[in-house]
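Beneath this line is the structure, given in structure tokens, with notes to follow.
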Amino acid sequence: GAADFDLYRPAEEHELLRESVRALAEAKIAPHAAEVDEQGRFPQEALDALVASDLHAVHVPESYGGGGADALATVIVIEEVARVCASSSLIPAVNKLGSMPVLLSGSEELKARYLAPLARGEAMFSYALSEPDAGSDAGGMKTRAVRDGDGWVLNGVKRWITNAGVSEYYTVMAVTDPDKRTRGGISAFVVEKGDEGVSFGAPEKKLGIKGSPTREVYLDNVRIPGDRLIGEEGTGFATAMRTLDHTRITIAAQALGIAQGALDYAKGYVAERKQFGRPVGDFQGVQFMLADMAMKLEAARQLTYAAAARSERGDADLTFFGAAAKCYASDAAMEITTDAVQLLGGYGYTRDYPVERMMRDAKITQIYEGTNQIQRVVMARNLP
Ligand code: CAA
Ligand code: FAD
């Protein structure tokens, strides 16, 4: 319950969840992480393991057949998967991102139709806001939805869509009134992979999270029925922004997990690696680095859990806290993973050890769900 969050410390049930996800992640996901990165392939073993344990979309309420996990439990699942494989952690994270617009604004009928297959593990959900010429300025999108009888016709290009091609369902934001733009001129729709006119670009070749497919989504005269509109016409931008308020916390969680994985590895390494006749971990210069890494990680975790509490309660200061958690945790993850590479010396710079992958994976957390510059724009407009 909400009271548990007030302590900024997970309750016992959350810690039990963490233990079980950690065990699953270490047994079923970690063994494939290096190969998934090396080959840039989808982590199917992770999806299978997560679905088998009902951890692929824990946030879906029980009334739609889901696990009904609260915001903190969802964070913990993502953290523990990201600790061993950042690419795989985008399965639960983006399932939440893609379906959140339906949860926040969709009709009962839409929720029942689209959340149940997601909860059963039969379909994944993606979120399509960004375009080639509209990233930070999301309101500058060009994708159009035009009324056609009872339905809508969509045309445009969405870029950088995580899990595109794998997901069955896509929440697509499109312009319905060019004069109103962000203030009533953008609407949100559910588009299905199988709708005529939907196709996908080649997978992007990325620095990190190489196992997570990122592709363009092409909408070429895609005709969808009227009941695929999420909420009222014109509310799509607000729905997209309200969604990000809740889900930037999942990217903070991903950052925490990556950083924890790097810190755990570096801690173990310096205890074993000997130079000057003793473990390098005996040197105070090394100990101070580990102390700083652990301090930054814990500060980021506290802020992320405080944001999760606000997400769960729907507090008015969620917008600030969601942006702050994502920004702070991602910067911390970049610093901590870079220091982990440093602590392994030359070995850290090679693919024989996992920390260089973690450093590459950490970088994306400073960029997506809004760059950290944009998080500062959001925080400045919503100071607590
Ligand atoms: N909650 C509810 N409504 C909101 C809102 C919020 N948090 N923020 C904005 N709105 C609504 C309001 O109605 C607002 O109008 P009022 O101010 O009159 O109330 C309207 O939207 C317009 O808001 P802004 O004037 O603030 O809009 P803007 O054009 O200045 O843009 C922005 C604001 C914060 C910069 C926004 O464009 C933004 O968030 N950009 C970053 C985009 C982003 O985060 N993309 C992530 C893509 S998903 C992803 O990356 C996935 C992944 O990693 C896996
Ligand atoms: P730009 O907006 O062109 O920014 C370029 C630079 O300018 C950045 O440093 C930015 O911070 C800075 N800048 C821009 N505006 C300002 C400002 N006002 N003040 C200060 N600095 C500013 N999008 C989706 O919709 N769905 C997804 O599933 C998704 N997944 C993604 C996965 C990956 C791997 C990647 C790389 C991106 C993904 N994105 C997704 C898109 C992502 O959200 C955008 O890349 C991001 O919002 C930045 O937009 P941009 O790339 O166009 O950069």
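The values are calculated or read from the model by the stated rules, or taken from the named source; none is laboratory data. Remember, predicted model here, so these are calculated numbers, not experimental data. Virtual Cβ from ideal backbone geometry, glycine too; neighbours counted across all protein chains shown. The accessibility values were calculated without ligands, DNA or RNA, using every heavy atom of the protein model including side chains. Shrake-Rupley method; radii C 1.70, N 1.55, O 1.52, S 1.80 Å.
Once you've got the Cα coordinates, tell me which of Lys158/Lys180; Lys296/Lys363; Lys142/Lys363; Lys142/Lys210 are over 24 Å apart. Let's see the in-between values first.
Working: Lys158/Lys180 20 Å; Lys296/Lys363 16 Å; Lys142/Lys363 28 Å; Lys142/Lys210 28 Å.
Those over the limit are Lys142/Lys363; Lys142/Lys210.
Between region 286-362 and region 188-226, what is the C-alpha centre distance in whole Å?
Distance between centres, Cα-based: 30 Å.
Enter the accessible area per residue of region 196-258 (Å², integer; probe 1.4 Å; all protein chains in place).
Heavy-atom accessible area per residue stands at 38 Å².
Helix-derived [θ] at 222 nm for the chain: sum -39500 (n - 2.57) over DSSP H runs of at least 4, divide by residue count, nearest 500? Mind dumping the intermediate values first?
On the way: 13 runs with 202 residues, N = 384.
It lands at -17500 deg cm²/dmol.
On a 1.4 Å probe surface of the protein chains, which of Lys326, Lys363 comes out largest in accessible area, and what is the full order?
Lys363, Lys326
Just to check I understand the Karplus step: with θ = phi - 60° and J = 6.51 cos²θ - 1.76 cosθ + 1.60, what whole-Hz values come out for region 231-242, glycine and proline as x?
Taking θ as phi minus 60°, the curve returns x, 7, 4, x, 9, x, 5, 4, 4, 4, 6, 5 Hz for region 231-242.
Quick check: from the Cα gyration tensor, does region 136-221 come out rounded (a/c under 1.5), prolate or oblate?
oblate
Would you work out the relative contact order for region 234-384, in percent, from Cα pairs under 8 angstrom that are 6 or more residues apart?
About 33 percent, as a whole number.
On a full-extension model of 0.36 nm per residue, what is the gain between Ser63 and Ala27, subtracting their alpha-carbon distance, rounded to one decimal in nm?
Here the segment from Ser63 to Ala27 would lengthen by 9.9 nm.
Which order do peptides 160-172, 255-267, 94-106 fall in by mean Cβ count within 10 Å, highest first?
Top of the packing list down: 255-267, 94-106, 160-172.
Would you mind calculating the gained length between Lys267 and Val51 on full extension (0.36 nm times residue separation, minus the Cα-Cα distance), in nm to one decimal?
Answer, rounded to one decimal: 74.6 nm.
If each of Asp315 and Tyr218 carries a label point 7 Å out from its Cα toward its Cβ, how far apart are those two points in nm?
4.7 nm
Just read off the accessible area of Ile29 with the full protein assembly in place, 1.4 Å probe, to the nearest 10 Å².
Its heavy atoms expose roughly 0 Å² to the probe.
Starting at 0 and stepping by 20 Å, how many percent of the alpha carbon pairs of the chain end up in each bin?
That works out to 30, 57, 12, 1, in percent per bin.
With labels modelled as points extended 7 Å from the Cα through the Cβ direction, what inter-label distance (nm, one decimal) is found for Glu298 paired with Glu12?
Going from the Glu298 label point to the Glu12 one covers 2.4 nm.
Would you work out the charge dipole size for the chain about its Cα centre, treating the Cβ of every Lys and Arg as +1 and the Cβ of every Asp and Glu as -1, and quote it to the nearest 20 debye?
940 debye
Compute the separation of the alpha-carbon centres of region 20-91 and region 138-170 and state it in Å as a whole number.
The two parts, judged by their Cα centres, are 27 Å apart.
In sequence order, what are the phi-derived ³J(HN,Hα) couplings for region 300-314 according to the Karplus relation 6.51 cos²θ - 1.76 cosθ + 1.60 with θ = phi - 60°, rounded to whole Hz, with x for glycine and proline?
After applying 6.51 cos²θ - 1.76 cosθ + 1.60, I find 5, 5, 4, 5, 5, 5, 5, 5, 4, 4, 5, 4, 5, 8, x Hz.
Under a plain spin-label model, where a point goes 7 Å from the Cα along Cα-to-Cβ, how far apart in nm are Gln287 and Ser20?
4.0 nm
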